[in-house]
Amino acid sequence: MSVDYLFFGIIAFYLIGAVSAVILNKKDAICAYTSFISAAIAALLGIIFSISVIFGDTFSYNLSGGSYLKFGFFVDRLSAFFILVISICVFAVSIYSTGYVREYFGKKNIGYLGFLYNIFIISMILVASADNAIMFLIVWELMSVVSYFLVVYEHEKPETRKAGFIYIVMTHIGTGFIMLSFLIFVGTSGSYSFGTFAEAGKTMTPLLKDLAFIFALIGFGTKAGIVPMHIWLPYAHPEAPSNVSALMSGVMIKIAIFMLIRVFFDFLGATQAWWGYVVLTLGTISAILGILYAVVESDIKRMLAFSSIENIGIILIGIGASMIFFASGKPVLASIAAIAALYHLLNHSIFKGLLFMGAGSILYSTHTKNIEELGGLIKKMPKSAMLILIGVLSICALPPFSGFVSEWLTFQSLLLGFNLNETFPMIILFISAAVLALTGALAAYCFLKFFGIGFLALPRSKHAEHAKEANTPMLIGMGIFASLSVLLGILPFYVLPVLERIAASFTGNLESFTFANFATFAIPSSMISLSTPIILALVFIFMLILSLILFLINRKKQPVYETWGCGQPVSTSRNEYTATAFSKPVQMWFKNLYRPARETEVTYSTSLYLKESFKFESKIEQVIERYLYEPVVGFVITRSRKLLVIRTGSIHTYLGYIFGTLVILFMFVIAGGSS
Amino acid sequence: MIAALQSAILQIIIILAFSPLISGIIKKAKAFFQIRKGPSIFQPYYDIAKLFRKDSVVSQNVSWIFHAAPIISFAAVMTAGLLIPIYITSLPLGFAGDLIAVVYLFALARFFTALASLDAGSSFGGMGGSREMFVAAMVEPALMLSIFAVALNVGSTNLSYISQTLSGMGMDALSPYQILAFVALFIIAIAETGRIPVDNPSTHLELTMIHEAMILEYSGKQLAIVELGAMAKQLLIFSLIANIFFPWGIASAGSGISALVLALLVYMLKIVIIGLAMAAVETSTAKWRLFRLPDLLSISLMFSFLALVSFIIVKGG
């Protein structure tokens, strides 16, 4: 019973946040505090609620008992895990937001942002807890539309409006496929309740199952940002206000992963190995393409958005491997792979939230998100720099930070493929591991560029020169995520048992790892073990010893001099390496993918030997957008031009069309009903 | 507990004491192949001792990263040193991490060195850092596949267990997949230790440097730490090759003192042979252009992939 109160308490606090934002929208500061603090309280309740469901009973609540429209909530361990992820992120992001929105005071309507923000979170919680298809689609649509309004919050910029348009079109194509997939289930079970879908999944013909799988993959995959349905993501995520980007990349795309697990495992039973191959392949392609585009990107937020595609890919690699193992009757391996995916999902929510908030802090104090105009920020905003560095180390999967543990687990689950004793799955799992290794190395490349060019050396522009430290709420918000990134890295010993319970809810296998002394966990029967606290302790001990030695032998003050420039005085920012140059080797290596185009423009003064100015422009091509989407869009536009003849402009004709359509549908129903 | 601590400290001392020597031997061997006299094989010790006595001149542009990076990198390499079997398979802390953890610890060391390269604001540093990460990215897929090939063979990625099992196999350890994986890993070792044809460790031209350009701004004591870390990393990579592909002669837990001394001598012999092979490769090839390197590392990738495929064929899919 108390869990009921807790659940409605969560919804109530978000609603209070939304309503108070509208009421108080004349007073910017008060409005920001009430709406975001209220969201933070709701998030705390959400954390308590989800933990109590993970360790206790499934929560279900029936809202109305009507025979046509049944609304209710259903939260099992899997959805509780996602509510936990949402709540953790919302808590930190809400605190951050109270500081971040100061940027908008007096310029934009804070009430509007606070309202949408709270409604957006409610819609995500409801998506995770809906218990029937109709209700699900309504809240899913709510989530899409509200997030669209959030994306176009700064709608005075034309590129924001374009991003919003691409987003709303793509998300509706996705919703269309989700409807198709659900209709297949409804057709078999005769009910919209999710509870009956699992039964339907068992009795469906193989063809219908395959169709339901494909439609769900396309539909939810669009929201998750899986290549090739990802094209909206690098437009929409960067244009939203940074606190919203943190939630979109951190949480919203994960909700789609939640539904993919739900449909594939719970509804369809994950019976076909080839579904696993498809998911694994798409995951691998998303990972590598995502990071390849991230490496050469100079816009911080766009780079982070591409990196989200990469990380969704890594999560899908885990899920795909899990599906392959599950279909081959290896539930232990299936749950290890699923745990790897869930662990990475949790880690990614946190470090990507941290990095988007970091990008927001940079934007807040420098008013630019172009890496080429930054530099030297580590001296201007040392605290933010430290927190962002922790995020960077986590996303690069460097030990002992959080990303390392989940990537290590992903590699191990791919390696465990040798237990399958079949050639094809083994080869495909190993190739995926090789691509994942390349992805990991390129991620380190990408984020080294971000931190090295953005934060080190000298400021490259006036913007960076006048940067100042982010305000306290922003630092607290980032600090929460940074400490979580460290804790998730060094405490897998405590995290894994929780994830075991969650993975058990769809793979049926409870004990996947063995735990030993010194915070060690091991994969049974393989001698493979890992202890990140020991690694951290060793690195620390060596650092201490070395620092002590240096301190003892280095009593004198260090002489300071100019940077070496072959004897020339070069200590200006003009001589620094640029971000474009830094990622140039990758651009050369993959030039067939990027298809780079460059333009140079030189003006001369008096003679050809004296250049007055030199302009260099280089851009790369988005292959999938160019060769997959543009032809389709072009086709649709030319064909729909032909349809213009039926547009008369008179309301009577339109009423006639509607009437005609109704009559035809009516006849169709009667004809269908008699057969 | 005390015995474990002793054994860990001994391992670190051996790595630190032996790694400059192997650099000296490689330099001497290269000189021999090039019909030069070359410096003494103890020259690296003299260099490091001298650097430790000198002041570090630091650029005015740098932040704390520049000062912390050598220490963090060195600590990461030393931590990896405790996870890799040297002359004995039993490692007191071997449970804390496997081969993949070792790869990521090296990545941690590389990340901070490359980060520091950007800190002084010189173009050379950026160039070096960018190329270093580029080479690392090309190496990674082949490295992971050869790790997989080795791990499949024994069913684990735990390094002590790999050496233990393989040394117990006798000559059976020389299976086709092991040989193919060895070729792949040898090419990777060339790239990871910054040797010709990937990088030239003795170049004096900033534009052709990779590793040397990255650490161009370091001097004095800091440079000593960076150089010692690089030599230790080289020794550890050679040890990986020695103990994964030629594990015979390695001591195991409970061996007597004479067996341990013998194992240590055998280990040194193996490392010297690998060093001589490196020197031969370096002398017989020219440095490749940076953008031809993907070809070389694709060869390595192909070998590691063949190792996997041949494992599946031999062991039956």
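The values are calculated or read from the model by the stated rules, or taken from the named source; none is laboratory data. Only a predicted model underlies this, so the values are computations on that prediction, with no experimental measurement involved. We place every Cβ from the backbone using ideal geometry, glycine too, and count neighbours over all the protein chains shown. What goes into the accessible areas is simple: the full protein's heavy atoms, side chains included, and nothing from ligands, DNA or RNA. Shrake-Rupley method; radii C 1.70, N 1.55, O 1.52, S 1.80 Å.
For every residue, the table says whether it meets (1) without any contact (Cβ under 8 Å) to a residue 60 or more places away in the chain; (2) assigned to a helix (DSSP H, G or I); (3) under 30 Å from A:Arg77 (Cα atoms).
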site	(1), (2), (3)
A:Leu260	yes, yes, yes
A:Asp266	no, yes, yes
A:Thr271	no, no, yes
A:Leu280	no, yes, yes
A:Tyr293	no, yes, no
A:Ile312	no, yes, yes
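Please verify whether A:Phe149 is in contact with a strand residue (DSSP E or B) (Cβ under 6 Å, 6 or more places away or on another chain) and either outside any loop (DSSP other than H, G, I, E, B) or of a type outside the set (Asp, Glu) (or both), treating the condition exactly as stated. Considered against the rule, which asks whether it is in contact with a strand residue (DSSP E or B) (Cβ under 6 Å, 6 or more places away or on another chain) and either outside any loop (DSSP other than H, G, I, E, B) or of a type outside the set (Asp, Glu) (or both), A:Phe149 comes out as no.
Remark: A:Ile428 matches the filter, which requires a residue to be modelled with pLDDT under 95 and in the same structural domain as A:Gly358 (by TED's automatic domain parsing). For the range A:441-495, filtering for residues that are in a loop (DSSP other than H, G, I, E, B), farther than 16 Å from A:Ile388 by Cα and not small (Gly, Ala, Ser) leaves 5. Quick check on my filter: what residues within the range B:220-264 are surrounded by fewer than 20 Cβ atoms within 10 Å (Cβ to Cβ) and among the polar types (S, T, N, Q)? Scanning the range B:220-264 gives B:Ser252, B:Ser255, B:Ser258. For the range A:556-580, a tally of residues being at the interface with chain B (Cβ under 7 Å from one of its Cβ atoms), surrounded by 11 or more Cβ atoms within 10 Å (Cβ to Cβ) and not hydroxyl-bearing (Ser, Thr, Tyr) returns 9. Pairing each residue of the range A:508-525 that is assigned by TED's automatic domain parsing to the domain that holds A:Leu416 with any residue that is among the polar types (S, T, N, Q) and part of a loop (DSSP other than H, G, I, E, B), provided the two are 6+ apart or on different chains, yields C-beta distances under 7 Å for A:Phe518/A:Ser531; A:Ala519/A:Ser531; A:Thr520/A:Ser531.
Go through the residues of the range A:418-425 one by one and say whether even a single one is at pLDDT 90 or above, in a helix (DSSP H, G or I) and touching a Leu at 6+ places or on another chain (Cβ under 8 Å). So far as the range A:418-425 goes, no, none of its residues is at pLDDT 90 or above, in a helix (DSSP H, G or I) and touching a Leu at 6+ places or on another chain (Cβ under 8 Å). Checked across the range A:208-219, the condition of being open to solvent by 70 Å² or more (accessible area, probe 1.4 Å) and either in contact with a helix residue (DSSP H, G or I) (Cβ under 8 Å, 6 or more places away or on another chain) or not small (Gly, Ala, Ser) (or both) holds for no residue. The listed residues are B:Leu21, B:Leu16, and the only one of them that is open to solvent by 20 Å² or more (accessible area, probe 1.4 Å), in contact (Cβ under 8 Å) with a residue 40 or more places away in the chain, under 20 Å from B:Ile225 (Cα atoms) and of a type in the set (A, V, I, L, M, F, W, C) turns out to be B:Leu16.
For beta carbons closer than 8 Å, sequence separation of 6+ or different chains, a first residue in the range A:1-29 that is more than 22 Å from A:Ala128 (Cβ to Cβ) and a second that is open to solvent by 40 Å² or more (accessible area, probe 1.4 Å) and outside any helix (DSSP H, G or I), the qualifying pairs are A:Asn25/A:Asn109; A:Asp28/A:Phe105; A:Asp28/A:Gly106; A:Ala29/A:Phe105. For the range B:145-172, the set of residues classified as outside any helix (DSSP H, G or I) and surrounded by fewer than 22 Cβ atoms within 10 Å (Cβ to Cβ) consists of B:Gly155, B:Met169, listed by residue number.
Here's the yes/no breakdown for (1) assigned to a helix (DSSP H, G or I); (2) on the phi > 0 side of the Ramachandran plot; (3) at pLDDT 95 or above:
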residue: B:Ala4; (1), (2), (3): yes, no, no
residue: B:Ile22; (1), (2), (3): yes, no, yes
residue: B:Tyr46; (1), (2), (3): yes, no, yes
residue: B:Val62; (1), (2), (3): no, no, no
residue: B:Ser73; (1), (2), (3): yes, no, yes
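Pairs meeting the criteria (first residue in the range B:147-165 and over 17 Å from B:Phe95 (Cα atoms), second residue outside any helix (DSSP H, G or I), beta carbons under 9 Å, at least 6 apart or on different chains) are B:Ile147/B:Thr157; B:Phe148/B:Thr157; B:Val150/B:Thr157; B:Asn153/B:Ser175. Reported count of residues in the range B:170-183, each being of a type in the set (A, V, I, L, M) and more than 11 Å from B:Phe246 (Cα to Cα), is 3. A:Ile553 fulfils the conditions (1) open to solvent by 80 Å² or more (accessible area, probe 1.4 Å); (2) over 28 Å from B:Leu91 (Cβ atoms); (3) at the interface with another protein chain (Cβ under 10 Å from one of its Cβ atoms); (4) out of contact with any strand residue (DSSP E or B) (no Cβ under 9 Å at 6 or more places or on another chain) except for a single criterion, (1). Within the range A:415-422, does at least one residue satisfy the condition of being of a type in the set (D, E, K, R), more than 8 Å from chain B (Cβ to nearest Cβ) and surrounded by fewer than 24 Cβ atoms within 10 Å (Cβ to Cβ)? No, the conditions are met nowhere in the range A:415-422.
Kindly establish whether B:Ser56 is within 13 Å of chain A (Cβ to nearest Cβ), touching a helix residue (DSSP H, G or I) at 6+ places or on another chain (Cβ under 8 Å), buried (at least 18 other Cβ atoms within 10 Å of the Cβ) and not in a helix (DSSP H, G or I). When the stated conditions are applied, B:Ser56 passes them.
Kindly indicate the residue of the range B:95-137 that is acidic (Asp, Glu) and within 7 Å of another protein chain (Cβ to nearest Cβ) and also nearest to B:Thr157 (Cα to Cα) among those meeting that condition. Across the range B:95-137, the extreme among qualifying residues is B:Asp98. Restricting to the range B:83-94, and then to whatever is open to solvent by 10 Å² or more (accessible area, probe 1.4 Å) and not polar (S, T, N, Q), can you tell me which residue is nearest to the other protein chains (Cβ to nearest Cβ)? The extreme case among them is B:Leu93. Regarding the range B:278-299, can at least one residue be identified that is of a type in the set (Val, Ile, Thr), out of contact with any Pro (no Cβ under 7 Å at 6 or more places or on another chain), closer than 23 Å to B:Ala184 by Cα and open to solvent by less than 20 Å² (accessible area, probe 1.4 Å)? No, the range B:278-299 contains no residue that is of a type in the set (Val, Ile, Thr), out of contact with any Pro (no Cβ under 7 Å at 6 or more places or on another chain), closer than 23 Å to B:Ala184 by Cα and open to solvent by less than 20 Å² (accessible area, probe 1.4 Å).
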